[in-house]
Amino acid sequence: MATFQRRKHMLFVGIGVLMPIFSILAQQYSLQNLVDASKNYLPVLKQKQAQVNSAKASVTDTRHSFLPQVRASEQLSIASVNSIAGSYFNFIPTASTSGGVRAASDLQPNSSNLAALYGEYELANFGLNDAKLQTAQANVGLQQADLERERYAAELEVARYYFNMLKTQYRLATDQQNVKRYDSIFTIIKALTISGLKPGSDSSLAKAELSKARITYNQTAGSLSQLKEQLSYLTGIPSQQLLIDSLAGNFLMQKPLPLNFAFDTANNPLIDYYAKRKDILLANEILIKKSYLPKVILAAGTWARGSNIQYNDDYKSLATGLGYQRFNYAIGIGITYNLFNGLYRKDKLDINHFDTQASEFALQQEKQSLYSASLRADAALQATQANLAELPIQLGSATDTYKQKLAQYKAGIISLIDLTNASFVLYRSQTDYIETLNDWYLAQLDKAASTGNLTQFIQTIK
């Protein structure tokens, strides 16, 4: 505990100048705020949600396709009735003629009226309906998994930009402190030069270092603006209003304890998407098997017909054929099966089999990739954890050294080179600490994302 307190004291000494600067950056958006904003804003997520809705609508459409087919028709026509006996295949588009088989050709007009009501229902298709419904529902699962994967990726991207923006924000404050430090050195040297205690070359060198520090500050400010624009693109929040909460001022003072994320294969959206792809192919395999089975069809119909030609081939007036004169009905059960269905089914199953194999390999590849990423994050965490134990000591020593060198320079004991070297070491110690701490957060982020615990990690960033 005493060691921790000493290190914490060193941090306050080394970066105490930074905190007033961040009091200006009032708390605006936490990481969770930014993630929520991106979920409600990004068009790609709205696109994925629309695809989920479309898949759900397809389930309803599939259910409705099981309803009986009932067709009503009415036909009025005037045509000749002039035919001969004989048969033909119905793939030739020839208008059907009923009756009119006589010894001589007769082109007298015939008026007729035909109305029909016909219904058809698949009485039994041996599980095909269930297979269609399961495939449609599997597609809903796939689209939902795709949406969750896209959301997960958006959360990860927002979090990565958040930490990089946080780092750059503190880096900007460090650069501003560095500018002030060199400005103070230049002011001191300028006074000593005017009094004749120091050569004019020291003043020129200090001015050059001050200019370099300002250039570095400008570059960091530009990087911060770019990061704000990127976060604005992801969240829809105008970049001018985009101020992050800086972890409530705790980014430099403390960090959350390392979280022991277990590798979650069941709830990881990056894995679940590939699992759902495999599920839909397995459902499609059942659908293929059921699609090529026989179908038992129940059919029923009724129709009414009128014609101006009487039973003895006597032509009446055309108006006679406009009314209904005969009524009929029919009901029956039929079975239909294509004798080549076995061959078609085998071909389709072969294709689906290889697609299923490919999806299984893709699932295994994603698991291996995420597991490897988790191990790399562990290695990065170990390295940054070790560095974070040393950096406070480095920062405290660099701060003390700079103060000593500044006093020695004023006393004429050392040269300007020694003073600027001490200033550079202090600046590097500050930036090293910020970079290393940011690396620690990013490694934690990668660990959480690869193990499927990204949401839980984001919730710990208060």
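Remarks
- Selection within segment 403-441 - under 30 Å from Leu381 (Cβ atoms) and either of a type in the set (S, T, N, Q) or modelled with pLDDT of 95 or more (or both): Ser429, Gln430, Thr431, Thr436, Asn438
- On inspection, Ala304 qualifies as surrounded by 12 or more Cβ atoms within 10 Å (Cβ to Cβ) and not basic (Lys, Arg).
- The lone exception for Leu419 - which of (1) surrounded by fewer than 18 Cβ atoms within 10 Å (Cβ to Cβ); (2) assigned to a helix (DSSP H, G or I) it fails: (1)
Each row is one residue, and each column tells you yes or no for (1) modelled with pLDDT of 95 or more; (2) acidic (Asp, Glu); (3) buried (at least 18 other Cβ atoms within 10 Å of the Cβ); (4) under 30 Å from Ser112 (Cβ atoms).
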position: Ala213; (1), (2), (3), (4): no, no, yes, no
position: Pro238; (1), (2), (3), (4): no, no, no, no
position: Phe251; (1), (2), (3), (4): no, no, yes, no
position: Leu257; (1), (2), (3), (4): no, no, no, no
position: Asn260; (1), (2), (3), (4): no, no, no, no
position: Thr265; (1), (2), (3), (4): no, no, no, no
position: Tyr274; (1), (2), (3), (4): yes, no, yes, no
position: Arg277; (1), (2), (3), (4): yes, no, yes, no
position: Leu281; (1), (2), (3), (4): yes, no, yes, no
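- Residue list for segment 100-132, filter: over 29 Å from Ile331 (Cα atoms), surrounded by 14 or more Cβ atoms within 10 Å (Cβ to Cβ) and out of contact with any strand residue (DSSP E or B) (no Cβ under 8 Å at 6 or more places or on another chain): none
- Those residues of segment 334-365 which are assigned to a helix (DSSP H, G or I), over 29 Å from the mean Cα position of the chain (by Cα) and among the aromatic types (Phe, Trp, Tyr), in sequence order: Tyr344
- Filter pass, Leu391 being more than 37 Å from the chain's Cα centre (by Cα), crowded, with 21+ Cβ neighbours inside 10 Å and part of a helix (DSSP H, G or I): yes
The values are calculated or read from the model by the stated rules, or taken from the named source; none is laboratory data. Keep in mind that this is a model prediction, so the values were computed, not measured. No Cβ is skipped: glycine too gets one built from the backbone with ideal geometry, and neighbour counts run over all protein chains shown.
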